[in-house]
Amino acid sequence: MNRAEIIGLFDRYVVPSYARYPLVFAHGKGARVWDADGKEYLDFGGGIAVNLLGHSAMAEILAKQASVLVHASNLYYTEPQGRLAKRLVELVGVEGKCFFCNSGAEANETLFKLARKFGNESGSRYEILTFQNSFHGRTLAGISATGQEKVKHGFEPPVDGFRHVPFNDLDAVAKAVGPKTAAILLEPIQGESGIRPATPEFLRGLRRLCDERKLLLMFDEVQCGLGRTGDFCGFRSIASDVQPDAISWAKGLGGGFPIAAAWIRGPYADVLGPGTHGTTFGGTPLACSVALAVLDALDRDDLLRNAREVGQYFIGKLQALAAKCPAIREVRGLGLMIGVELTLEARPAVLKLAEHGLIGIAAGTNVVRFLPPLNITRAEVDEAVEKMERAFCQDGNSK
């Protein structure tokens, strides 16, 4: 089918809940993807931080495990889930346990329910403090937790128990804690609103506050975790001495295959006992085998180091470009989680980049996110920066 026919199928048969770009992707390999017309793109969007190893990287393990055991349900034990839980706990480096599900929204739902169960067992507390400009998923609880009004319109009333406070403002958080507060949830690096990291002092202050008030400190690392910042846990790129009580992961964990997880620290790992939480498809042998292969690749190919070093190189190249290009206001990020703030709106900026063969992701009002595979090379970074320069910094648009 050609491009117009495929778009026609969506117009007629697919719920229009996405403002899709007029691109029809047909196949991909590594950091490159081709559309239905055969045009090649350098993909620095990564399926919104999902394709941790690039396109088509998981084909071999998918085929191998699919011929062994795909699904058994969580009524039984399977080796891949047990092995994956062990690996994740070891990577966190603190005693705990894991719950497996399918998406970031489900992983965050696990954290919501953990906080509610913990709060009810310690004094009828149910409130979770989250932050302005945060994003925690598209379920009713997820949009209630999210600190952006645009996601809430039309879905009122919100789920009770969430309060939004200013990000990186410890005094505001301390004042917001009340007798019903059970937990604090934040993204160590806010992704959807434009790549905005927490400060080290803020994370350390939240840990102290949670210890003093007997609250859970929970990190949403759906986008910033799994090595994207150059550390397996994104918060460690900001404050390595801080330890949360729970972490949610998704996106890159399966390298493109759906799987998500919540890690819960030892003292609270058994709060969600039998009958309190569940999932039909979470932690299948297929999904867990793929995730184990992703973790093997991170270790084997030293991809955390690559994310740190190539990410630093990429940020440096973008900052040099910003110095001569008035269309670029600011470059910020950690590792390979990078935001470029522009003088134009994000959506038309993404379309302009696509015209020049580079895929980025819109964030906030006027930020383009770059979330490339963690095995990206300096040569591919150079190519991406050249495409960006042609898109925004030529035709007299230089300083």
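The values are calculated or read from the model by the stated rules, or taken from the named source; none is laboratory data. In this text, all values refer to a predicted model and were calculated from it rather than measured experimentally. Positions of Cβ are generated from backbone atoms using ideal geometry, with glycine treated the same way; all protein chains shown enter the neighbour counts.
For this structure, a couple of remarks:
- Hits in segment 298-323 - residues which are within 20 Å of residue 386 (Cβ to Cβ), assigned to a helix (DSSP H, G or I) and aliphatic (A, V, I, L, M): 310, 315, 318, 320, 321, 322
- Here 309, 330 are screened, and the one residue that is surrounded by fewer than 18 Cβ atoms within 10 Å (Cβ to Cβ) and in contact with a strand residue (DSSP E or B) (Cβ under 8 Å, 6 or more places away or on another chain) is 330.
- Residue ID - surrounded by the most Cβ atoms within 10 Å (Cβ to Cβ), chosen from residues in segment 23-48 that are touching a residue at least 40 places away in the same chain (Cβ under 8 Å) and out of contact with any Pro (no Cβ under 9 Å at 6 or more places or on another chain): 33
- In the condition set (1) assigned by TED's automatic domain parsing to the domain that holds residue 196; (2) outside any helix (DSSP H, G or I), residue 326 is compliant with all but (1).
- Evaluation of residue 325 against (1) within 16 Å of the chain's Cα centre (by Cα); (2) touching a residue at least 40 places away in the same chain (Cβ under 8 Å) (one fails), failing number: (1)
- Subset of segment 176-201 [buried (at least 21 other Cβ atoms within 10 Å of the Cβ), not in a strand (DSSP E or B) and not hydroxyl-bearing (Ser, Thr, Tyr)]: 187, 188, 191, 192, 194, 195, 198
Table: residues versus (1) among the β-branched types (Val, Ile, Thr); (2) more than 14 Å from the chain's Cα centre (by Cα); (3) buried (at least 20 other Cβ atoms within 10 Å of the Cβ).
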position: 245; (1), (2), (3): no, yes, yes
position: 255; (1), (2), (3): no, no, yes
position: 269; (1), (2), (3): no, yes, no
position: 276; (1), (2), (3): yes, yes, no
position: 279; (1), (2), (3): yes, yes, no
position: 282; (1), (2), (3): no, yes, yes
position: 287; (1), (2), (3): no, yes, yes
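- Residues in segment 283-297 that are in contact with a helix residue (DSSP H, G or I) (Cβ under 7 Å, 6 or more places away or on another chain) and outside any helix (DSSP H, G or I): 283 only.
- For segment 292-319, the tally of residues that are in contact with a Gly (Cβ under 7 Å, 6 or more places away or on another chain) and among the hydrophobic types (A, V, I, L, M, F, W, C) stands at 6.
- Hits in segment 56-112 - residues which are part of a loop (DSSP other than H, G, I, E, B) and of a type in the set (Val, Ile, Thr): 68, 70, 78, 94
- Condition broken by residue 173, with the remaining ones in (1) under 18 Å from residue 207 (Cβ atoms); (2) assigned to a loop (DSSP other than H, G, I, E, B) satisfied: (2)
- Scanning segment 121-153 for residues that are in a helix (DSSP H, G or I) and without any contact (Cβ under 8 Å) to a residue 24 or more places away in the chain yields 140, 143, 144, 149, 150, 151.
To keep it simple, each residue is scored yes or no on (1) assigned by TED's automatic domain parsing to the domain that holds residue 343; (2) under 25 Å from residue 66 (Cα atoms); (3) of a type in the set (Gly, Ala, Ser).
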residue: 266; (1), (2), (3): no, no, yes
residue: 282; (1), (2), (3): no, yes, yes
residue: 311; (1), (2), (3): yes, no, yes
residue: 318; (1), (2), (3): yes, no, no
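- Test for residue 50: is it under 26 Å from residue 372 (Cα atoms) and either in the same structural domain as residue 346 (by TED's automatic domain parsing) or of a type in the set (A, V, I, L, M, F, W, C) (or both): yes
- Answer residue from segment 100-129, given it is among the polar types (S, T, N, Q) and buried (at least 24 other Cβ atoms within 10 Å of the Cβ) and is nearest to residue 220 (Cα to Cα) among those: 108
- Scan of segment 203-236 for residues that are in contact (Cβ under 8 Å) with a residue 40 or more places away in the chain, of a type in the set (D, E, K, R) and either outside the structural domain of residue 251 (by TED's automatic domain parsing) or closer than 30 Å to residue 372 by Cα (or both), ordered by number: 220, 228, 231
- Qualifying residue in segment 369-386 (condition: crowded, with 16+ Cβ neighbours inside 10 Å, touching a strand residue (DSSP E or B) at 6+ places or on another chain (Cβ under 6 Å) and more than 20 Å from residue 53 (Cα to Cα)): no
- Selection from segment 206-230 of residues that are charged (D, E, K, R) and more than 14 Å from the chain's Cα centre (by Cα): 207, 208, 211, 212, 213, 214
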